[in-house]
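No lab work stands behind these numbers, since they all come straight from the coordinates. Please read all numbers here as calculations on a predicted model, not as lab measurements. Here the Cβ positions follow ideal geometry from the backbone for every residue, glycine too, while neighbour counts run over all protein chains shown.
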Amino acid sequence: MPQLPQDFLFGVATAAYQIEGAVTEDGRGRSVWDDFCDRPGAIVDGSTGASACDSYHLYKEDVDLMAGLGIDAYRFSISWPRIQPDGFGAVNQAGLDYYDRLVDALLARGIRPAATLFHWDLPSPLEAEGGWLQRETAEAFADYARIVAERLADRVAMWTPVNEPNIVTSLGYSTGMHAPGRTLGLYALPAAHHLLLGHGLAVGALRAAGAKSVGCAQNHTVVWPTSQEESDVAAADLFDTIFNRMYAEPILHGTYPDGIAQMMPGPVEHDVKIIGAPLDFYGFNYYNPTLVGSPHAGERIGAEIAVDLPFSRHEIQGYPMTDFGWPVVPEGLLAVMRQLRERYGDRLPPLFVTENGCAYNTGPDDKGVVMDTERVTFYDGHLAAVSQAIAEGIDVRGYFAWSLMDNFEWAEGFTKRFGLVYTDFETQQRIPKLSYDWYADLIRRTKAG
Ligand code: FCB
């Protein structure tokens with residue numbers, strides 16, 4: 001079992017649209033994900049998050065499952081359209097009341113609430129005005145952050161404004177694989193800037209409302225070039241810049257990497273100072289490395305505005321694969337942490353792994369037991385990488401497993417199961433898997449010292 005410090009924070013993570021269901025209840029407005037799921041062919045199994053895990057109603061049962069794990073903290077997200085159905089203006093008290101109850105239920109079981117304000121469910125009326133392509137969305141986001149914090153800042157232990165701005169930009173606005181399904185190719189960059197600005201403005205709003213610990217939930221990958229040829233190394237470097245550094249640097253340095261600022265909307269000198277507001281922790285999600293080489297002739301990106309793709313992505317061979325087809329590479333997690341320390345040195349606040357996990361579709365056997373041994377191996381390897389980072393002097397304070405339970409996996413619908421708990425989406429029965437017991441055991445032993 002991985003050796004971790006006695007005071008290491010263990011958690012699990014989920015996101016509102018992936019677990020809550022109840023999309024038309026208690027005054028919730030529509031989000032881009034409700035709209036995207038209505039598009040024929042957008043979700044592989046034609047499903048939607050309309051009922052998902054029904055955690056909106058079953059949250060107490062879910063908190064009991066967390067208590068059974070012995071976790072220190074629960075990272076969940078707040079649904080913006082539950083709080084402000086239009087994305088701006090009128091506040092829906094019933095939405096705030098729901099998260100109030102959830103936070104109190106967690107605290108009653110000794111679990112620290114870690115809230116994400118935007119895990120992809122942008123209110124539809126904001127998208128109708130251009131969504132994250134518009135600066136006004138970042139401003140509306142700061143107001144929403146203030147509303148939530150005024151209600152919950154006294155009890156939420158950790159805040160992460162935006163989940164994975166790079167994935168929202170690339171899959172949501174560039175390739176269209178996620179909501180809102182825009183296909184702007186490299187012209188999606190304004191979305192990146194406004195997501196980052198939204199982060200920075202929200203940090204200010206949260207602090208003004210008394211939030212105690214504010215960080216982020218970036219997505220990072222280690223980028224491997226396909227060869228040491230100059231053109232492959234340059235392409236990998238470019239990918240690294242627009243996927244990792246373009247999001248880390250403004251937050252940690254208050255600047256964009258060379259060549260990026262000019263591509264952003266308007267003068268950004270003032271904005272990057274807002275984006276670079278000091279954080280209490282730097283959270284990042286890691287799933288797998290990325291193999292990148294020089295561009296393939298004729299490979300284009302974007303349907304609305306198509307351009308030649310300046311790199312090519314390749315399948316990683318020689319590692320076990322999850323049921324998502326993602327390679328299992330724990331040393332990639334270690335590499336990301338080493339890279340963050342090398343690149344940002346003293347400017348890097350304490351690290352938290354805000355998500356890490358794997359899709360294996362193992363279901364109950366004839367005795368009703370879910371023997372997801374591959375998931376145990378995955379967590380064992382990745383937590384050993386965290387342990388190694390700590391041994392190297394990297395200040396990693398905690399780890400959130402993705403996810404508490406099988407849930408609505410975005411464009412993959414219900415076809416990819418990431419949970420420590422199995423969800424029967426017909427009956428809403430939850431069955432803790434082998435990995436649940438393993439994680440509980442690791443937490444127990446670590447606390448015992
Ligand atoms: C991350 C998302 C999370 C989940 C995992 C598998 O990129 O933040 O919601 O879908 O991937």
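Treating each Cα of segment 221-316 as an identical point scatterer and ignoring solvent, apply the Debye formula and state log10 I(q)/I(0) at q = 0.11, 0.15 Å⁻¹. For segment 221-316, the Cα-only Debye profile gives -0.41, -0.74.
Which aspartates and glutamates have a Cα lying under 14 Å from the Cα of LYS447, excluding residues fewer than 8 positions away in the same chain? Reachable aspartates and glutamates: ASP7, ASP72. For the options ASP54, ASP72, ASP346, a Gaussian network treatment of the chain with springs between C-alpha atoms closer than 10 Å singles out ASP346 as fluctuating the most. Computed about the Cα centre, the dipole magnitude for the chain is approximately 1020 debye when only Lys and Arg (+1) and Asp and Glu (-1) carry charge, each at its Cβ. The P(r) of segment 374-449 has a tail past 13 Å containing 72 percent of all C-alpha pairs.
Cα centroid distance between segment 44-90 and segment 179-209, in Å? Here the answer is 22 Å between Cα centres.
With the gyration tensor restricted to C-alpha atoms of the chain, the semi-axes of the equivalent ellipsoid amount to 30, 27, 23 Å, longest first. Taking Cα centre as origin and charging only the Cβ of basic (Lys, Arg, +1) and acidic (Asp, Glu, -1) residues, the dipole magnitude of segment 1-149 rounds to 300 debye.
Out of all DSSP beta bridges with both ends in the chain, state the antiparallel percent to the nearest 5.
Numbers: 11 of 44 bridges.
Approximately 25 percent, going by the DSSP bridge assignments.
Within the chain, what's the longest run with no GluC sites (Glu not before Pro) in a DSSP loop and at most 16 other beta-carbon atoms within 10 Å? Give the range, please. If you can, show how the numbers build up before the last one.
Numbers: sites that count: GLU25, GLU129, GLU229, GLU299, GLU304, GLU315, GLU392, GLU426.
Result for the longest clean stretch: 26-128.
Mean-square fluctuations from a GNM of the chain, with a 10 angstrom spring cutoff on Cα atoms, peak among CYS37, CYS358, CYS216 at CYS37. Only the Cβ atoms of Lys and Arg (+1) and of Asp and Glu (-1) were treated as charged; on that basis the dipole of segment 108-261 about its Cα centre amounts to roughly 880 debye. Across all directions, the average projected area of the convex hull around the alpha carbons of segment 320-360 is 3.3 nm². If you look at the Cα atoms of segment 1-75, you get an Rg and a Dmax of 16.3, 49 Å.
Considering only SER55, GLY27, ILE71, and ranking their Cα positions along the charge dipole of segment 15-101 that arises from unit charges at the beta-carbon of Lys, Arg, Asp and Glu, the one farthest toward the positive end is GLY27. Values of log10 I(q)/I(0) for segment 148-298 across q = 0.10, 0.15, 0.20 Å⁻¹ run -0.39, -0.82, -1.29, by the Debye formula with one identical scatterer at each alpha carbon and no solvent.
Note on LYS367: lysines with a C-alpha under 24 Å away, same-chain residues under 8 apart excluded, are LYS416, LYS433. For the chain, a Gaussian network of Cα nodes joined below 10 Å ranks ALA217, ALA235, ALA128 by mean-square fluctuation, and the top entry is ALA128.
Provide the percentage of antiparallel DSSP beta bridges, counting only those with both residues in segment 193-336; round to the nearest 5.
Values: 6 of 11 bridges.
DSSP beta bridges in segment 193-336 are roughly 55 percent antiparallel.
Summed over qualifying helices (DSSP H, 4 residues or more, each -39500 (n - 2.57)) and divided by its residue number, the chain shows a 222 nm mean residue ellipticity of -11000 deg cm²/dmol.
Please quote Rg/Rh for segment 48-160 to two decimal places, taking the Kirkwood radius as Rh and restricting both calculations to Cα atoms.
On the way: Rg = 14.7 Å, Rh = 14.8 Å.
Value, to two decimals: 0.99.
Loop-resident trypsin sites (Lys or Arg not before Pro) (DSSP state other than H, G, I, E or B) in segment 141-223 with no more than 14 further Cβ atoms inside 10 Å of their Cβ: LYS212. Convex hull volume of the C-alpha atoms in segment 286-372, normalised per residue: 201 Å³. Here the residues HIS199, HIS314, ranked from fewest to most Cβ neighbours within 10 Å of their Cβ, fall in the order HIS314, HIS199.
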